[in-house]
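Asker: Sending over a structure as structure tokens; questions will come in a sec.
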Amino acid sequence: RWLRPPDDKNALWRLLDPCAGEGAAARQIADLVGGNCQTWGVELSPRRAAQAATVLDQVHNTAWASVRASDKSISVLYLNPPYDHDLDGNERRLEIEFLRRSLASLVYDGLLVYVIPQHLLGYKNAARLLAGHFKDLVVRRFPDVEYERFKQVIAFARRKPYSTPNNNTIGFFRVLRDTN
């Protein structure tokens with residue numbers, strides 16, 4: 001039910017994979033959904049980017065951090081980021097940074113397909129980002145054999161047309177401290 005073609009069979013939809021690898025996952029999703037789909041990928045490895053370019057419509061051989069995607073230009077965001085900490089020593093998880101950096105490109109009601117290690121859901125920043133910007137969130141564990149290696153889950157969600165304030169936010173203003 002998550003991967004379904006648009007009601008209008010002629011409608012253009014776009015799929016982005018900011019960690020495209022060889023493009024197999026993005027291609028498989030596009031083929032499953034069908035319809036008029038453009039597939040875009042970003043891949044750092046020149047070898048994998050060249051392979052992805054044979055199965056995706058557009059591939060950029062660069063780091064995702066150097067790409068600027070237009071706001072609300074992507075219908076489906078397939079995100080299977082590196083499972084690691086940021087290299088600058090600030091202990092930020094790359095999985096969260098990739099989601100944060102790609103969020104604005106997803107159209108309202110667009111689909112997020114987010115492949116992450118299960119323990120990441122326990123990070124406050126990940127939970128706030130998912131709960132604040134997405135609706136209809138469903139998390140599924142990988143099958144046993146695949147789960148054992150990386151303890152992965154896959155989250156499906158639709159982007160909200162607005163972000164929901166969390167306990168540190170009132171409207172569009174961040175509360176710095178309580179004066180009472």
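Asker: Hey, what number do you get for the chain at 222 nm if only DSSP H runs of n ≥ 4 count, each worth -39500 (n - 2.57), divided across all residues, to the nearest 500?
Answerer: Using -39500 (n - 2.57) per qualifying helix, the result is -6500 deg cm²/dmol.
Asker: Work out from phi, with θ = phi - 60° and the Karplus expression 6.51 cos²θ - 1.76 cosθ + 1.60, the ³J(HN,Hα) of each residue of the range 117-123, listed in order in whole Hz, and give x for Gly and Pro.
Answerer: x, 4, 4, 4, 5, x, 7
Asker: While we're looking at this one, here's another question. Considering amide H positions built from the backbone, and no H for Pro or chain starts, which residues 5 or more places from K72, or on another chain, come under 5 Å of its amide H?
Answerer: When sequence neighbours closer than 5 places are left aside, the close amide H contacts are S105, L106.
Asker: Which cross-chain or sequence-distant (5 or more) residues have an amide H under 5 Å from the amide H of G110, H modelled 1.01 Å from N in plane?
Answerer: Residues meeting the amide H criterion: R159.
Asker: Given the protein chains as shown and a 1.4 Å probe, how many square angstrom of V67 are accessible, to the nearest 10?
Answerer: That residue has around 30 Å² of solvent-accessible surface.
Asker: Further question: Find the centroid of the Cα atoms in the range 71-86 and in the range 1-50, then give the distance between the two in whole Å.
Answerer: The range 71-86 and the range 1-50 have Cα centres separated by 12 Å.
Asker: Residues with amide H under 5 Å of V59's amide H, sequence separation 5 or more or different chain, H placed in the peptide plane at 1.01 Å from N; which?
Answerer: Close amide H contacts, sequence-distant or interchain: G41.
Asker: Under a Cβ-only charge scheme (Lys and Arg +1, Asp and Glu -1), can you give me the dipole magnitude of the chain about the Cα centre, in debye to the nearest 20?
Answerer: Charge dipole, the chain, about its Cα centre: 460 debye, nearest 20.
Asker: Using the Kyte-Doolittle scale, which helices in the chain average at least 0.5 and also have C-alpha atoms spread 18 Å or more along the helix axis, with helices defined as whole DSSP H runs?
Answerer: none
Asker: Hey, another quick one. How high is the FRET efficiency from Y147 to Q28, r the C-beta distance, R0 25 Å, rounded to 0.05?
Answerer: My answer for the efficiency is 0.80.
The values are calculated or read from the model by the stated rules, or taken from the named source; none is laboratory data. Note that the structure is predicted; figures quoted are calculated from it, not measured. Methodologically, a virtual Cβ is constructed for each residue, glycine included, from the backbone with ideal geometry; neighbour enumeration extends over all protein chains shown. These accessible areas exclude ligands, DNA and RNA; they are computed on the full protein's heavy atoms, side chains included. Shrake-Rupley method; radii C 1.70, N 1.55, O 1.52, S 1.80 Å.
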